[in-house]
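The block underneath contains the structure these notes are about, expressed in structure tokens.
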């Protein structure tokens, strides 16, 4: 007989250590639960928890006196045996597959995470609310409700656990943002309003680089500022130009509407909303044919404690700032109603 190789000895010791650590992790909550059952009721929820206390059987006496404990115990026993049986039925083949592939630590980590009760993930919230004195308050309930104000296309990109309902997810996929680029040309004065014509600076056109313009000058008229909107297909083509080419194209377009003086601005500014990663467009999303009748009801439907707002959910002024305010008032009433039902 020869002694086992040194490597095998260390492997056995490490396996034993793993089992001990796992046993401590699994049994510590059980031991804590048993010890807590012998604490006076006011010490059970004490924070920080008390480790040294005078044990009492008061909790058990109260339990037997006020509840049909043994009936509950029999019901729990039946459910536990049934659950354990099903767990073994499916767990034994899974355990065999894990042992066969010899990938031990990811499997142990996965099993440990799956064994943790769902309420365990609420403990950080409890500790946080307790430290700031919000336990049992309406403020804590309000904070537990979230309002998503992103447009549907961007709201869908967030990660949800559990996943969004299918209708709400598909709504976001079918409601792209309106691509627009806002351009400003600055001039020493409001020249378009000085001559006999007294032009307003506003244009509505059915052709050209941009088809809507406005006078954005201060009341004094100095400086003079013209603003235009380059939208959709024109905006996509415009974005591929160099900065110099974009400024030249915008100045030429203003000159087409307001004369040669508009071709020489002293400053030029632009905002490409389509390339902004936090909005991807302007004036809200637009819905192609069939989207409203198919997915429309999901636009406002709460998802658990998640509520939907934003200008896209407004009944009037959809896509505008006024619509966002209307949606804010609606969702505030919705959350308050949910709190009353809680």
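The values are calculated or read from the model by the stated rules, or taken from the named source; none is laboratory data. Bear in mind the structure is a predicted one, so any value in this text is a computation, not a measurement. Cβ coordinates were reconstructed from backbone atoms using ideal geometry, including for glycine residues, and neighbour counts include every protein chain displayed.
If you check residue 146 against the conditions, is it under 25 Å from residue 302 (Cα atoms) and at pLDDT 75 or above?
Yes: the conditions hold for residue 146.
Checked against the criterion of being over 29 Å from residue 334 (Cβ atoms), in a helix (DSSP H, G or I) and modelled with pLDDT of 65 or more, segment 132-143 has no qualifying residue. Tally the residues that are crowded, with 20+ Cβ neighbours inside 10 Å and on the phi > 0 side of the Ramachandran plot, restricting the search to segment 307-339. Residues meeting the conditions: 1.
Answer yes or no: is there a residue in segment 154-161 that is at pLDDT 85 or above, assigned by TED's automatic domain parsing to the domain that holds residue 266, in a loop (DSSP other than H, G, I, E, B) and surrounded by 14 or more Cβ atoms within 10 Å (Cβ to Cβ). Checking segment 154-161: not a single residue is at pLDDT 85 or above, assigned by TED's automatic domain parsing to the domain that holds residue 266, in a loop (DSSP other than H, G, I, E, B) and surrounded by 14 or more Cβ atoms within 10 Å (Cβ to Cβ).
Yes/no matrix, rows are residues, columns are (1) in the same structural domain as residue 169 (by TED's automatic domain parsing); (2) closer than 30 Å to residue 228 by Cα; (3) assigned to a loop (DSSP other than H, G, I, E, B):
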residue: 271; (1), (2), (3): no, yes, no
residue: 295; (1), (2), (3): yes, no, no
residue: 301; (1), (2), (3): yes, no, yes
residue: 307; (1), (2), (3): yes, no, no
residue: 318; (1), (2), (3): yes, yes, yes
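Inside segment 273-290, can you point out the residues that are surrounded by 14 or more Cβ atoms within 10 Å (Cβ to Cβ) and not in a helix (DSSP H, G or I)? Selection gives 279, 280, 281, 282, 283, 284, 285, 286, 287. Before we move on, is residue 71 part of a helix (DSSP H, G or I), over 27 Å from residue 135 (Cα atoms) and within 40 Å of the chain's Cα centre (by Cα)? Answer is no for this residue.
Inspect all residues belonging to segment 178-189 and state whether any of them is within 28 Å of residue 328 (Cβ to Cβ), out of contact with any helix residue (DSSP H, G or I) (no Cβ under 9 Å at 6 or more places or on another chain), modelled with pLDDT under 90 and buried (at least 18 other Cβ atoms within 10 Å of the Cβ). There is no residue in segment 178-189 that is within 28 Å of residue 328 (Cβ to Cβ), out of contact with any helix residue (DSSP H, G or I) (no Cβ under 9 Å at 6 or more places or on another chain), modelled with pLDDT under 90 and buried (at least 18 other Cβ atoms within 10 Å of the Cβ). As for segment 112-124, it holds at least one residue that is at pLDDT 70 or above, outside the structural domain of residue 290 (by TED's automatic domain parsing) and in a helix (DSSP H, G or I).
Take residue 34 and tell me if it is more than 38 Å from the chain's Cα centre (by Cα), within 30 Å of residue 124 (Cα to Cα) and at pLDDT 85 or above. The answer is yes for residue 34.
Comparison of 22, 46, 84, 94 shows that the only residue that is closer than 28 Å to residue 161 by Cβ, at pLDDT below 80 and either part of a helix (DSSP H, G or I) or under 39 Å from the mean Cα position of the chain (by Cα) (or both) is 94.
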